[in-house]
Amino acid sequence: MINAVRDGTAIIDDMHILTTSMMEQRHDPDFLIDGVEKRQVLIDEYDEWSNKYQEQRAVYERTPEAKTIVEKILGMDKVIAKTLGEFKTVAQQNVQNSNAQQKVIGYLGGSISASGSYMDFKK
């Protein structure tokens, strides 16, 4: 099997397609997390290509098309990062609520008397 290095343009195009999909599916945290991992693979691939073909990278990065697509990607990245931050906040709140519920259950000893009065909860 030949491990051919792809052109930087193709890598950036794939990154743009993936980032666009992430924007479209930003309501799905699992999709976003998976997308972040896939993006990292593309970034690593681009870094490998740019280190190997520095002159081609310099020429490509000066083109208006490259600048435009990178600006679009960066703009979408801001929205995606904000969305991921919101998911993180909600997840932390859910964990805190769950912990509070566990404390209440522990306080109550896991059993409630038949009368149901507050004093009956604590044994």
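The values are calculated or read from the model by the stated rules, or taken from the named source; none is laboratory data. If you're wondering where the values come from, they're calculated on a predicted model, not measured in any experiment. Don't worry about glycine lacking a Cβ; one is built from the backbone with ideal geometry, like all the others, and counts go over all protein chains shown.
Within the range 26-74, the only residue that satisfies the criterion of being more than 24 Å from Lys88 (Cβ to Cβ), touching a residue at least 12 places away in the same chain (Cβ under 8 Å) and not in a helix (DSSP H, G or I) is Tyr53. Of everything in the range 1-25 that is charged (D, E, K, R) and assigned to a helix (DSSP H, G or I), the residue that is nearest to Ala91 (Cα to Cα) is Glu24. Just one of the listed residues (Ile105, Ile33, Ile17, Ile73) is at pLDDT below 95, surrounded by 10 or more Cβ atoms within 10 Å (Cβ to Cβ) and either more than 13 Å from the chain's Cα centre (by Cα) or among the polar types (S, T, N, Q) (or both), and it is Ile105.
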